[in-house]
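Take a look at the structure set out below.
The values are calculated or read from the model by the stated rules, or taken from the named source; none is laboratory data. These figures come from a predicted structure and were not determined experimentally. Backbone-built Cβ (ideal geometry, glycine too); neighbour counts: all protein chains shown. Surface accessibility is based on the protein's heavy atoms, side chains included, excluding ligands, DNA and RNA. Shrake-Rupley method; radii C 1.70, N 1.55, O 1.52, S 1.80 Å.
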Amino acid sequence: MPARPPSSLARRLGLISLAIFALLAAAGCTTFARAMKEGDALTTQRQWEKAEAAYQRALAAEPGDPEAKVKLRDMHKLWGAELLAAARAKHGEGNLAGATPLLVRVLQLDPENDPARELLGQTLDARVEVALEALKEERLQDARAELDAVLAVDDSHAGARKGVDAVQTAWARRWFGTAQRFEEEGKLGNALVAYVRADQERVGVTPARERAEEMRRKLRDEVAFLVVTAPAEDKAEAPDVVQRLSPGRLSALLPQQVPIRVITVEPPKDHEGVRLGVALERVMPVKSVEQSQKNQRYVVTNKAVPNPRRAQLESALLEQERKLEEVERKLGGTLRDYLRKQDELAQAREVAARCRDRERKACGTGLSECVQAFSHAKPGEVPKECNPARCNPLCEQEEGALSQRSSNAQELERRLEASQEKAEQQRTEVQRGRDAFYREPLTVEEPVYADYPYDVELHRLSITASVTERLVDLAKDAAGASPHTEDYAALAEDASNKAYDKVGVLADPVQLRSEAELRVEAGDKAMSSIAERVKERFDAYRQRRVEDARRGMVRPAAEDVVETAVRALLLTQDAPPEDILQPLARARGLTKPEALFGSN
């Protein structure tokens with residue numbers, strides 16, 4: 001069967017391509033047309049959401065199509081007109097809350113719908129009026145809900161903003177009145193929370209902040225942990241040390257954020273705290289000097305020793321020379337392979353050249369015979385002597401062998417050049433190693449050391465203060481408390497020696513801290529220890545109050561629970577427990593619970 005001409009094949013491929021593109025275009029048009037048709041039908045049936053989805057599918061198939069855009073806009077206007085009618089009906093019934101979302105949706109569908117915008121403004125104004133009426137009737141939650149709904153639609157509505165200010169003012173006054181009632185009833189914890197809530201609702205409307213501070217002060221005085229103490233008894237006749245044991249020093253060492261009060265007068269009856277008695281039994285200074293020796297290493301002389309650096313350089317040189325031998329051995333093998341391949345390449349060239357001569361001679365003979373045969377042949381007849389096969393290539397095998405040997409020879413030539421370059425680099429490294437080895441001296445100077453012993457005096461000065469303390473709860477008898485006596489030592493020491501210039505030892509004189517400084521330090525250590533024990537008693541006390549508050553957190557809004565929780569929180573102001581603070585804040589509507597501690 002004869003082969004199809006190339007022009008016919010190309011024409012057939014072109015027709016197939018056109019058919020494929022036509023099918024794809026038809027598929028796209030079909031999707032677009034089907035979506036448009038579906039949208040028109042759904043619009044007629046007033047199924048707005050489905051019609052909108054159909055037109056959106058059409059625009060997805062043909063983005064930017066003007067017909068789809070126009071139909072979608074027209075559908076939105078029809079939908080908006082229907083929603084506007086429904087909103088008018090609800091507005092006429094007085095259902096302002098139901099009309100508002102419908103009007104918002106109308107403006108989303110048709111931003112140019114002026115009647116809807118006008119009606120929305122009227123609706124929002126009417127809702128503000130409703131909120132103000134609720135405010136007059138003291139229905140503050142309903143008023144705030146209406147105003148928040150208006151601001152959710154139009155956050156710049158002046159009437160709604162003014163109404164929110166009025167509601168906040170009303171809430172502040174209501175909470176302030178509630179706080180005054182709690183204060184009159186003696187429920188100071190509830191009063192503090194109510195005053196804080198009033199201040200958070202509207203700052204400055206009422207004197208809630210000042211009253212909250214007063215409540216906070218009274219509550220702290222009520223729950224304060226009292227430390228009743230007197231000036232320390234000085235049995236050692238050391239006024240400088242006793243001064244460090246004063247009540248003022250104890251107060252400064254205790255935490256300042258929590259209500260711990262150090263007093264020197266009789267406490268109120270049945271108040272939590274401890275009674276502290278402190279006595280300075282004795283202050284004993286101790287001075288001592290210890291004799292000892294140290295050694296100073298110094299250089300006596302120098303001596304010549306074999307240069308260790310030279311041995312390292314020699315080892316490196318030997319390694320480089322062995323590496324050079326290996327590189328040169330590989331270079332020799334590569335050179336022999338290269339020369340052998342060059343001989344094979346020359347032989348292949350000679351064989352190929354002889355084959356080409358035979359090929360040319362055979363082709364020339366065939367041409368001569370063809371010319372002679374044409375002279376004797378009949379017209380229109382091609383003689384058999386003119387067969388083109390007589391000039392076909394005859395040296396393909398020889399040419400292939402020549403090409404293969406030529407490629408091998410080139411590869412070996414590249415390897416030979418790389419080996420030569422590597423060998424040259426290695427020779428350079430060996431020469432550098434030899435230069436470094438011969439430049440290095442045979443010996444080097446090494447110092448000879450000796451130890452020189454010299455006398456050292458270690459001076460010590462210690463002040464030991466013996467302090468007795470009695471720590472007992474206020475509810476117990478102080479006479480029955482067991483005394484606790486402990487020694488508190490402050491130590492200073494320094495070493496000194498003479499100068500020995502010949503061996504490089506400098507003079508080091510004695511530089512001890514003064515006895516007065518150490519006496520003060522001993523007193524501070526004693527008072528710090530006493531403060532830690534007082535703090536342990538306070539931690540046990542406030543932990544009991546916190547546990548009582550936690551047990552009531554199942555009903556955090558109850559007045560008795562609030563009283564207990566507020567007192568526990570004031571005792572733990574340095575680290576208030578979140579499981580008490582947060583439930584209390586949620587129950588009483590506090591936006592900033594930390595304001596209970598005075599952080600306004």
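Taken as a whole, the condition of being of a type in the set (Phe, Trp, Tyr), surrounded by fewer than 24 Cβ atoms within 10 Å (Cβ to Cβ), at pLDDT 85 or above and in contact with a Ser or Thr (Cβ under 9 Å, 6 or more places away or on another chain) does not apply to Phe182. No other residue among Val299, Val265 is out of contact with any Pro (no Cβ under 8 Å at 6 or more places or on another chain) and of a type in the set (A, V, I, L, M) apart from Val265.
Residues that are part of a helix (DSSP H, G or I), small (Gly, Ala, Ser), free of Cβ contacts under 8 Å to residues at least 40 places away in the same chain and open to solvent by 20 Å² or more (accessible area, probe 1.4 Å) within the range 79-97 comprise Ala81, Ala85, Ala86, Ala89, Gly92, listed in sequence order.
Matching residues to (1) under 15 Å from Leu192 (Cα atoms); (2) charged (D, E, K, R); (3) open to solvent by less than 20 Å² (accessible area, probe 1.4 Å); (4) modelled with pLDDT under 95:
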residue: Arg550; (1), (2), (3), (4): no, yes, no, yes
residue: Arg555; (1), (2), (3), (4): no, yes, no, yes
residue: Leu584; (1), (2), (3), (4): yes, no, yes, yes
residue: Glu594; (1), (2), (3), (4): yes, yes, no, yes
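Scanning the range 352-375 for residues that are of a type in the set (A, V, I, L, M, F, W, C), open to solvent by less than 60 Å² (accessible area, probe 1.4 Å) and touching a residue at least 12 places away in the same chain (Cβ under 8 Å) returns Ala352, Cys355, Ala362, Cys363, Cys370, Ala373. Go through (1) surrounded by 12 or more Cβ atoms within 10 Å (Cβ to Cβ); (2) in a strand (DSSP E or B); (3) of a type in the set (A, V, I, L, M, F, W, C) one by one and return the number of the condition Ala423 breaks. Ala423 satisfies every listed condition except (2). Among the residues making up the range 105-160, those that are of a type in the set (Gly, Ala, Ser) and in a helix (DSSP H, G or I) are Ala116, Gly121, Ala126, Ala131, Ala134, Ala143, Ala145, Ala149, Ala152, Ala158, Gly159, Ala160. Can you confirm whether Arg73 is of a type outside the set (Ser, Thr, Tyr), under 18 Å from Gln47 (Cα atoms), surrounded by fewer than 19 Cβ atoms within 10 Å (Cβ to Cβ) and within 47 Å of the chain's Cα centre (by Cα)? The answer is no for Arg73.
Assess whether Thr485 counts as being surrounded by 14 or more Cβ atoms within 10 Å (Cβ to Cβ) and under 30 Å from His271 (Cα atoms).
Answer is no for this residue.
Would you please name the residue that is farthest from Tyr452 (Cα to Cα), looking only at residues in the range 496-512 that are of a type in the set (A, V, I, L, M) and modelled with pLDDT under 90? Looking at the filtered set, the residue picked out is Leu512. Name every residue in the range 360-397 that is over 30 Å from Ala348 (Cα atoms) and part of a helix (DSSP H, G or I), in order of residue number. Selection gives Ser368, Glu369, Cys370, Val371, Gln372, Ala373, Phe374, Ser375, His376, Lys384, Glu385, Cys386.
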